[in-house]
């Protein structure tokens with residue numbers, strides 16, 4: 001039966017389920033790695049010929065050209081219904097504004113001490129690759145959230161790879177400053193972005209979510225290029241007390257459940273009676289979801305599968321325990337629907353994005369708030385961060401010695417070099433100072 005599981009701390013399943021969720025980032029990438037390695041190797045060796053072969057095999061199409069610079073983005077935007085066009089333009093403006101503030105915090109500094117001049121310089125990468133998934137849904141919002149931070153960072157060339165560039169995606173690409181579209185998806189697109197082909201230039205950074213094959217490909221090309229993260233299924237963790245509205249909580253849980261059968265709709269609360277009200281609201285709202293979206297893709301069935309597989313409610317005895325579990329799970333989205341929401345949110349130290357208060361739906365962060373919705377998943381919020389301007393820049397350290405400074409510090413440098421057995425290092429100093 002499709003329902004949320006209720007686990008109280010006295011239950012033996014409580015600790016078992018908590019441990020399993022804490023290690024949910026251990027995705028089974030090894031299962032697909034042999035296939036992905038072959039795809040990467042073939043595209044790296046054969047270029048466009050291998051890319052065409054895999055696009056035909058996995059996507060059932062054969063584009064005339066793989067790199068499309070004139071992709072009709074402006075016309076796509078103008079063709080949209082006015083309401084959708086206005087929403088995309090508003091979202092783009094807000095995402096740009098937020099990341100302009102973020103860019104202002106990228107520190108370039110310099111100082112002088114004893115005739116040694118030190119500074120740090122920040123420069124954008126030359127080319128970024130953005131991946132936009134197709135398949136279960138169309139995500140123009142992910143194009144905005146991935147490409148606009150790159151544009152704000154000053155990246156001169158932004159390539160968007162997708163197996164299905166709908167009119168909405170092309171419109172979002174235009175608003176985001178995408179300079180060209182790569183007509184390919186899957187691991188083969190990641191290979192092309194990383195290694196380059198006859199028609200596609202290689203990128204310095206590849207970002208954006210995708211399926212398990214895309215995730216495995218990104219992991220394998222890391223080092224040849226930089227990546228944002230290894231994205232797993234979407235997840236939301238709601239923290240609630242008796243002041244929360246069960247209908248609000250249920251709606252937020254389902255907003256992530258409908259992404260993917262493997263998504264994680266999770267709740268930690270302090271009352272079994274409240275938890276039972278959330279279960280009832282969730283089942284009622286599930287039944288009210290449309291069976292298919294406007295493009296004929298399943299929606300209710302996906303949400304039902306997610307709730308059935310991973311929907312869990314942890315019932316704890318105190319706010320301190322609630323926070324302990326929240327920080328242990330380090331969820332992608334954390335929604336704080338509690339009486340003292342701001343105070344509780346201040347104590348949530350491990351989360352991709354935190355949504356504070358009863359009237360801050362997670363969906364606002366997905367579309368319009370401003371921060372990128374490309375977030376660490378699978379517990380990676382313990383060390384990872386949302387995608388941002390800082391992902392599309394490189395930092396350089398600048399060092400300049402005056403002769404008198406090198407003469408003063410030279411003996412210490414030589415001692416350290418010889419302690420490590422590196423005589424040539426020591427002589428690189430002494431040849432200048434003797």
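None of the figures in this text is laboratory data; all of them are computed from the coordinates on show. It should be emphasised that the depicted structure is a prediction, and the values quoted were computed from it without experimental measurement. Heads up, the Cβs are rebuilt from the backbone with ideal geometry, glycines too, and the neighbour counts pull from every protein chain shown.
Among 289, 322, 239, which one shows the highest mean-square fluctuation when the chain is modelled as a Gaussian network with alpha-carbon springs under 10 Å?
Among 289, 322, 239, the largest mean-square fluctuation in the Gaussian network model of the chain belongs to 289.
Suppose each label sits 7 Å from its Cα in the direction of the beta carbon; what would the residue 251-residue 412 distance come out to in nanometres?
6.2 nm
Cut-off 10 angstrom, C-alpha nodes, Gaussian network model of the chain. Which of 19, 295, 37 fluctuates the most?
Result: 295 has the largest fluctuation of those listed.
Return the distance in nm (one decimal) between the two label points of a simple spin-label model at residue 118 and residue 339, each offset 7 Å from Cα along Cα→Cβ.
5.1 nm
Considering Cα pairs under 8 angstrom that are at least six residues apart, work out the relative contact order of the stretch 29-227 and quote it in whole percent.
Reported relative contact order: 31 percent.
Using only the alpha-carbon atoms, what does the stretch 285-434 span along each of its principal axes? Please give whole angstrom values in decreasing order.
Principal-axis extents of the stretch 285-434 (Cα, largest first): 83, 44, 28 Å.
Sort 269-279, 424-434 by packing, meaning the average of other beta carbons within 10 Å per residue, with the highest value first.
269-279, 424-434
For the chain, what does -39500 (n - 2.57) per DSSP helix run (n ≥ 4), summed and divided by total residues, give at 222 nm, in deg cm²/dmol to the nearest 500?
-15000 deg cm²/dmol
Considering all alpha-carbon pairs of the stretch 230-335, what whole percent are spaced by more than 24 angstrom?
Pairs farther apart than 24 Å: 21 percent.
Take the chain, connect every pair of alpha-carbon atoms lying under 10 Å apart with a spring to form a Gaussian network, then pick out the residue of 265, 290, 386 with the largest mean-square fluctuation.
290
Which value in Å is the Kirkwood Rh of the stretch 133-234 over different Cα pairs?
Value: 13.6 Å, from the Cα pair sum.
Kindly provide the pair-distance distribution of the stretch 285-363 built from C-alpha pairs, with 5 Å bins from 0 and whole-percent values in order of increasing distance.
Calculated over all Cα pairs of the stretch 285-363, the distribution is 3, 13, 18, 20, 17, 13, 10, 5, 2 percent.
Taking the Cα atoms of the stretch 29-227 alone, what are Rg (to one decimal) and Dmax (as a whole number) in Å?
18.3, 66
Any idea how far the Cα center of the stretch 164-215 sits from the one of the stretch 323-397, in Å?
Here the answer is 26 Å between Cα centres.
Which percent of Cα pairs goes in each bin when the distances of the chain are cut into 10 angstrom slices starting at zero?
Reading upward from the zero bin: 4, 19, 26, 22, 15, 8, 4, 1, 0.
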